[in-house]
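Only one structure is covered here, and it is reproduced in the block below.
The values are calculated or read from the model by the stated rules, or taken from the named source; none is laboratory data. Owing to the predicted nature of the structure, the values given are computational and were not obtained by experimental measurement. A quick note on method: Cβ atoms are made from the backbone with ideal geometry, for glycine too, and the neighbour counts reach across all protein chains shown. Surface areas here come from the heavy atoms of the whole protein model, side chains and all, with no ligands, DNA or RNA. Shrake-Rupley method; radii C 1.70, N 1.55, O 1.52, S 1.80 Å.
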Amino acid sequence: MRKLFAGNYLSPEAYVVSRESVNGALHDLCMTLCTARDTRGRRFDSEFPNVIPAVIPWARRLAATGQSMSKPDLLAAASTNLAQSSRFPGVAPRSRAEHDRMANAIRALAMDAVEQAKSGHPGLPMGAADVATVLFTQFLKFDAADPTWPDRDRFVLSAGHGSMLLYALFYLLGYEAMTIEEIKHFRQLGSLTPGHPEHGHTPGVETTTGPLGQGLANAVGMAIAERHLAAIFGGDLADHFTYVLASDGDLMEGISQEAIALAGHLRLAKLVVLFDDNHISIDGPTSLSDSVDQVERFESAGWDATRIDGHDPAAIAAAIAAAQKSDRPSLIACRTTIGFGAPNKGGTEKVHGSALGADEVAAARKTLGWNYPPFEIPDDILSQWRAAGARGSASRLAWEKRLAACDADQRAEFERRIAGKLPAKLAAAVKDVKQKLAAAPKEIATRAASEFALEALTVALPEMIGGSADLTGSNNTRTKAMKAIKPGDYAGTFIHYGVREHGMAAAMNGMALHGGIIPFSGTFLVFSDYCRPAIRLAALMGQRVIHVMTHDSIGLGEDGPTHQPVEHLAALRAIPNLKVFRPADIVETMECWQLALASNTGPSILALTRQNVPQLRQGFDEANRCAAGAYEIAAADDDAAAVSLFATGSEVALAVEARKLLAARKISARVVSVPCFELLFALPDAKRAAIIGTASVNVAVEAGIRQGWDAIIGSDGTFVGMTGFGASAPAKDLYRHFGITAEKVAEAALARLGKS
Ligand SMILES: Cc1ncc(C[n+]2csc(CCOP(=O)(O)OP(=O)(O)O)c2C)c(N)n1
Ligand SMILES: [Mg+2]
């Protein structure tokens, strides 16, 4: 053990380690085993007197055995003991002056980076620097050496425009990728410091933020994920907080109401929102447009809520400590001054989103007493920050040890889920369902087909967490075996999201980002508009979330045009990296589910019918034919088809009927089912061309608008579909009324052939 402390001096690394557990075992070991001094010659016992009494006997016992332990073992043992006897240790600044200098390091980096880029948002990082300093040095459980440690606390900067706050923190805390060069290249092409934080681009960024309100709602999903995994795998593996920094704008957005209502209802006690309560937004004081009492608002949603001075480190620490103990989610409204330290522009909208200008930067340096050149952090402050960045290492090692000590099956399952790997039994489950369908075909709505698929899938994939925005019975997203997640009981796999489509979609993103969960949910396709901002971010972040969207056309019938999607398939297909599936029958539904689950680099939509459709795919075929995005579901009678008929979903059956009508007229037509445009377009040119074929006449039929179809049928192709809104009537009448029938499809082909 003495080897850790070479001579009378600690290596810088060991110093950090000792600081990490300053209140505990290693500190005591230092005092007991050697009269060590740190690299600056300071004795530990005089510097760190706050030894927690509970740990001392353990350390003494360990010391008395005289056994030698490897450094990781020693750290793990120390931290396990600490975890049992104290809260997660911090490295609180030792004085107010030290706190101020640490917070000013954030402020300086933020104003310098924005100044250099001549673009960005200095106000938030400067205003929230005190809150961040307290949180990251004393409370947040993380290890800068491993930003992906599954049991880290999550920190979500919901107000993504304040991205320099995150980047400054990452640099100061010692995240390897975040060098000072990256800070100097803020907002430049290819840098790790883009304008708004981008998950998957910058290590440590938990979610992509910028569209206000999304991060807060993501955090609700993260907090649900944590509670669920704790319920399934136990607190040894999942036990962490989710913190959010939210701005006025975040809380003005409607999605925030959905998010806080759900979090309050579910009693997500480990969710803590730090509100950057600066009373300023872009147009000026928030009083121009807002007079909500946020504390009362959150309280009424079942939260603990409190108001503090966001520049008082002691008040911040006390509020976070109290929030950690609460049995409800907590809001801490931190009254701050936007652009704190900028003497002329601080406190006004002028510091929100533009560089301060050389004069104001110089004046701010003076006000803050920060006498260092741009991008330079003095050694003592940097090492204090780096110590904060390393203080979680023992905790992480202890967690890794606990994981290693788990039952082998439980460990393998936890690791599989966190890695997002599908279980081997999925393929067998799909095959089994397909064999059953070959033996006993079903003419049912694809939404019911989806439920049929889910009965098998949710058994094979326990990491699937379903839900619905108050349309459970219509969306068919809950199988009989799925239990609901409830306040205080998070072991279930179904979430009643309430009538909150936007919050639902954003929470799903949070669950996927957290890891260990494949979220899926349901609403009507027409309400994809209510989810769209979150779906777009899922696509941007490459997250596997699956939206079951039923009632996918005028085929829903009597509810009328408010509920009948018309432009929605086209609008969703316009989102890059989103797979829009519209299966034609129960077999395609199973195959599309399989593809959506396998698609771990982006979200999927399953657009499903309310009305029954025939099972077109008869016989057993193990291959997933939908994987190509489109395939010939009915071949032409001879080699050279005169007509190619393309269709999706419920209209594939119409195309198959139209093919028969054409055959009766001695015209050879083939039918191509197109369950997923995106997969078709991703094929190599030759393969795609082969599927589209070379018939002289192309006709597409889909009960939606034409937009997007030209890429398949050509601008000279004929489209049978919708050109405006639907109407209220039984589905069959509507299809006739809008001319979406087998006869009309056949007529369109005949007209093109000059045979009508
Ligand atoms: C959904 C959405 N709408 C608008 C914007 C543009 N925008 C960025 S920040 C902001 C408001 C700024 O006020 P606040 O959120 O209080 O941030 P602060 O100025 O205090 O940093 C707006 C409207 C956005 N990012 N997202
Ligand atoms: Mg504000």
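Side notes on the structure shown:
- Complete set of residues in the stretch 259-294 that are touching a Gly at 6+ places or on another chain (Cβ under 8 Å), more than 14 Å from ligand 1 (Cβ to nearest atom) and not aliphatic (A, V, I, L, M): 264, 265, 267
- Of all the residues in the stretch 120-146, those that are under 30 Å from residue 357 (Cα atoms), away from ligand 1 (no atom under 16 Å from the Cβ) and not β-branched (Val, Ile, Thr) number 2.
- Qualifying residue in the stretch 331-344 (condition: more than 16 Å from ligand 1 (Cβ to nearest atom) and in contact with a Gly (Cβ under 7 Å, 6 or more places away or on another chain)): no
- Boolean, residue 403 is of a type in the set (A, V, I, L, M, F, W, C) and within 16 Å of ligand 2 (Cβ to nearest atom): no
- Among (1) more than 40 Å from the chain's Cα centre (by Cα); (2) crowded, with 19+ Cβ neighbours inside 10 Å - the single one residue 732 does not satisfy: (2)
- Conditions (1) more than 30 Å from residue 417 (Cα to Cα); (2) buried (at least 23 other Cβ atoms within 10 Å of the Cβ); (3) of a type in the set (Asp, Glu); number of the one not met by residue 98: (2)
- Close pairs (7 angstrom Cβ cut-off, 6 or more residues apart or separate chains): closer than 20 Å to residue 159 by Cα in the stretch 317-344, open to solvent by 60 Å² or more (accessible area, probe 1.4 Å) and not β-branched (Val, Ile, Thr) anywhere: 330/304; 333/307; 335/307; 335/309
- Those helices (runs of 4 or more DSSP H) lying entirely in the stretch 439-540 with at least 3 residues within 30 Å of residue 212 (Cβ to Cβ) and under 20 Å from the mean Cα position of the chain (by Cα): 501-514
- Any hit, the stretch 268-288, residues being of a type in the set (Ser, Thr, Tyr), more than 20 Å from residue 160 (Cα to Cα) and within 15 Å of ligand 2 (Cβ to nearest atom): yes
- All positions within the stretch 224-251 that are within 16 Å of ligand 2 (Cβ to nearest atom) and not small (Gly, Ala, Ser): 244, 245, 248, 250, 251
- Contact map, the stretch 204-226: residues that are under 12 Å from residue 533 (Cα atoms) and aliphatic (A, V, I, L, M) paired with residues that are in a loop (DSSP other than H, G, I, E, B) and open to solvent by less than 10 Å² (accessible area, probe 1.4 Å), Cβ distance under 8 Å, separation 6+ or inter-chain. Pairs shown: 212/158; 212/159.
- Flag for residue 664 being surrounded by fewer than 18 Cβ atoms within 10 Å (Cβ to Cβ) and farther than 29 Å from residue 628 by Cβ: yes
- With respect to being buried (at least 20 other Cβ atoms within 10 Å of the Cβ), within 15 Å of ligand 2 (Cβ to nearest atom) and of a type outside the set (A, V, I, L, M), residue 291 falls outside the description.
- Residue count for the stretch 121-146 under the criterion of being part of a loop (DSSP other than H, G, I, E, B), open to solvent by less than 10 Å² (accessible area, probe 1.4 Å) and either within 16 Å of ligand 2 (Cβ to nearest atom) or touching an Asp or Glu at 6+ places or on another chain (Cβ under 7 Å) (or both): the result is 3.
- Any hit, the stretch 449-470, residues being without any contact (Cβ under 8 Å) to a residue 24 or more places away in the chain and either closer than 26 Å to residue 415 by Cα or open to solvent by 10 Å² or more (accessible area, probe 1.4 Å) (or both): no
- Residues of the stretch 576-616 that turn out to be part of a loop (DSSP other than H, G, I, E, B), hydrophobic (A, V, I, L, M, F, W, C), touching a residue at least 60 places away in the same chain (Cβ under 8 Å) and open to solvent by 40 Å² or more (accessible area, probe 1.4 Å), as a count: 0
- Close pairs from the stretch 265-279: first closer than 14 Å to residue 320 by Cα, partner basic (Lys, Arg), Cβ under 6 Å, at least 6 apart: 269/328
- Where helices (runs of 4 or more DSSP H) fall wholly inside the stretch 167-259, the ranges with 3 or more residues that are open to solvent by 20 Å² or more (accessible area, probe 1.4 Å) and at pLDDT 95 or above are 180-184, 214-233.
- Screening residue 573 on (1) touching a Phe, Trp or Tyr at 6+ places or on another chain (Cβ under 6 Å); (2) crowded, with 24+ Cβ neighbours inside 10 Å; (3) not polar (S, T, N, Q) shows it passes everything except condition (2).
- Residue 481 fulfils the conditions (1) more than 16 Å from ligand 1 (Cβ to nearest atom); (2) at pLDDT 95 or above except for a single criterion, (2).
- Wholly enclosed helices (runs of 4 or more DSSP H) of the stretch 311-408 bearing at least 2 residues over 30 Å from residue 488 (Cβ atoms) and open to solvent by 60 Å² or more (accessible area, probe 1.4 Å): 358-368, 379-390
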